[in-house]
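Notes for the one structure printed next.
The values are calculated or read from the model by the stated rules, or taken from the named source; none is laboratory data. These numbers were taken from a predicted model, which means no experiment stands behind them. Here the Cβ positions follow ideal geometry from the backbone for every residue, glycine too, while neighbour counts run over all protein chains shown. Just so you know, the surface numbers come from the protein's heavy atoms only, side chains and all, with ligands and any DNA or RNA stripped out. Shrake-Rupley method; radii C 1.70, N 1.55, O 1.52, S 1.80 Å.
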Amino acid sequence: MLKKIIKGSKKYSKSDSTVKDLGSRPPGSGNFVSDPSPNVVVNHASRPGQGAPNTNSSSSAVPFPPPMTTVEPLPLLRDAPVSEKQYLFLRKLQICCFQFDFIDHLKSAREKEIKRQTLLELVDYTQSGSSKFTEICQEEMIKMVGINIFRPLPPASHENTGQAVSDPEEEEHYLDPSWPHLQIVYELLLRYVVSSDTDTKVAKKYVDHSFVLKLLDLFDSEDIREREFLKTILHRIYGKFMVHRPFIRKAINNIFYRFIYETERHSGIGELLEILGSIINGFAVPMKEEHKLFLVRALIPLHKPKPFAMYHQQLSYCIIQFVEKDYKLADTVIRGLLKYWPLTNCQKEVLFVGELEEVLEATQCAEFQRCTVPLFRQIARCLNSLHFQVAERALFLWNNEHIVSLISLNRQVILPIIFEALERNTRSHWNQAVHGLTLNVRKMFMGMDPELFDECQREFAGKEARAQEVEEQREMTWKRLADVAAERG
């Protein structure tokens, strides 16, 4: 009798160690597994249940399947007995590791379809949550995902033709021929990451720094469908794996640095900025110095590259998030915009003025005063731009009530700076819309402070008179030189 008891305790001990080896412990206190099925082993201290040892001992007894040399259809997972599901799942993962040539649609058509159907079944199985993944299943699934998605990307269009990057709205989007399979692999990875049954303590062994770096490399894919999936998956990884958060931010920084200072070519800057927009939105206040350095060293310099229009909307959102969280950063952002202000690209200049308006809307008076002089010198140049869209967009700043209130409080400094630009527009700008808007701004200043307006007008008249006098003296000097030359000639 004593021997039987000892034998039984040994059996239970072996089963318990198998639970640990297979990584089936729920994270924390087990909140991720709210309603485990009878066939799923959950290592709760308060639930020793009789079924737990038997389930795990059967899964530990399942041998690892030998390598497959051909692609053949397998039985469905839902029809397989519980004791055989892990083995069948691993065999199906092996099928999905086979690589095919998708440029030739007719080549290996049968095998491709078997693989596609197998991938779809794995997605459904993962999404259903009918069985919790053992650690070996998770490891093999991440390996299979890596084999399929981590691949050399085809050359970009500019690399084939040697031409500069064209307008993304005008060029035809590249579509990867292997997407029918890649899409399902990405879907499987996404379902695995978001699943409440995925234990981050186990998953982080396989979704590690190397895996994340390879995911980030894929953001340079020209296929917009792939970048959208990558964006969603990386965002979910950032949210679920807290241990990876600093690494992900640093890796994205490095992509930005290389784009800004080396290549100026990358397909996924917009998607990475979308992820960062959500991350910045969650930053605690007061912000860490690390985050402020990221703004100064990475986000503001992103205004410099030529393909700025491709990601302007996402970048502007990130910048505004910083200013709204810490109003003291407004001066830093405005001076950064002025530093990278375009000189010859009028369309880019219009985008800059639009972003400037959004920043000013979140700016308080103290920060506004720090940068008033350089800011309105640049606005004055925009008012006199011969490109009517630049001048018009700059004049629209006076339609914003908050900006008008800031200007009104600092009119003693601002009006002398821009008065000359306003006068030149009213006299000689070729565009009627710009001419009309300038008159409206002029009237607004006249109503704010008539005495200041008259003073600026007198100074402008005096400046014009002095300039006219200098011009007359120059002409007289040239005339005398011409007369002397004629006498000697």
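Across segment 447-482, the number of residues qualifying as open to solvent by less than 80 Å² (accessible area, probe 1.4 Å) and in a helix (DSSP H, G or I) comes to 17.
Where helices (runs of 4 or more DSSP H) sit wholly within segment 271-387, those with at least 3 residues that are at pLDDT 95 or above and open to solvent by less than 20 Å² (accessible area, probe 1.4 Å) occupy 308-325, 330-339, 346-361, 372-383.
Going by the conditions given, is residue 390 open to solvent by 10 Å² or more (accessible area, probe 1.4 Å), in contact with a helix residue (DSSP H, G or I) (Cβ under 7 Å, 6 or more places away or on another chain) and at pLDDT 95 or above? No; evaluated as a whole, the condition is false for this residue. Residue 441 meets each of the listed conditions (1) farther than 30 Å from residue 359 by Cβ; (2) surrounded by 13 or more Cβ atoms within 10 Å (Cβ to Cβ) apart from (1).
Pairs linking a residue in segment 397-408 that is loosely packed, with under 15 Cβ neighbours inside 10 Å to a residue that is among the charged types (D, E, K, R), with Cβ atoms under 9 Å and 6 or more positions apart or on different chains, are 402/361; 408/449.
Okay, residues lined up against (1) β-branched (Val, Ile, Thr); (2) within 43 Å of the chain's Cα centre (by Cα):
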| site | (1), (2) |
| --- | --- |
| 420 | no, yes |
| 424 | no, yes |
| 434 | yes, yes |
| 447 | no, no |
| 458 | no, no |
| 466 | no, no |
| 489 | no, no |
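Just checking, how many residues over segment 252-270 are open to solvent by less than 20 Å² (accessible area, probe 1.4 Å) and assigned to a helix (DSSP H, G or I)?
Of the residues in segment 252-270, 6 are open to solvent by less than 20 Å² (accessible area, probe 1.4 Å) and assigned to a helix (DSSP H, G or I).
Taken over segment 422-438, residues that are closer than 15 Å to residue 397 by Cα and either open to solvent by less than 10 Å² (accessible area, probe 1.4 Å) or of a type in the set (Asp, Glu) (or both) amount to 3. Within segment 235-243, the presence of at least one residue that is under 12 Å from the mean Cα position of the chain (by Cα), in contact (Cβ under 8 Å) with a residue 24 or more places away in the chain and closer than 23 Å to residue 144 by Cα is confirmed. Scanning segment 312-329 for residues that are in contact with a Lys or Arg (Cβ under 9 Å, 6 or more places away or on another chain) and touching a residue at least 40 places away in the same chain (Cβ under 8 Å) yields 312, 322, 326.
When 162, 129 are checked against the criterion of being open to solvent by 50 Å² or more (accessible area, probe 1.4 Å), on the phi > 0 side of the Ramachandran plot and modelled with pLDDT under 90, a single residue qualifies: 162. Could you list, in sequence order, the residues of segment 103-125 that are more than 15 Å from residue 147 (Cβ to Cβ), touching a residue at least 60 places away in the same chain (Cβ under 8 Å) and surrounded by 14 or more Cβ atoms within 10 Å (Cβ to Cβ)? If the condition is that a residue be more than 15 Å from residue 147 (Cβ to Cβ), touching a residue at least 60 places away in the same chain (Cβ under 8 Å) and surrounded by 14 or more Cβ atoms within 10 Å (Cβ to Cβ), then 112, 116, 123 are the ones that fit.
The listed residues are 185, 193, 212, 207, and the only one of them that is in a loop (DSSP other than H, G, I, E, B), β-branched (Val, Ile, Thr) and modelled with pLDDT of 90 or more turns out to be 207. Each residue in segment 61-79 was checked for being open to solvent by 20 Å² or more (accessible area, probe 1.4 Å), modelled with pLDDT of 85 or more and of a type in the set (A, V, I, L, M, F, W, C), and 2 of them qualify.
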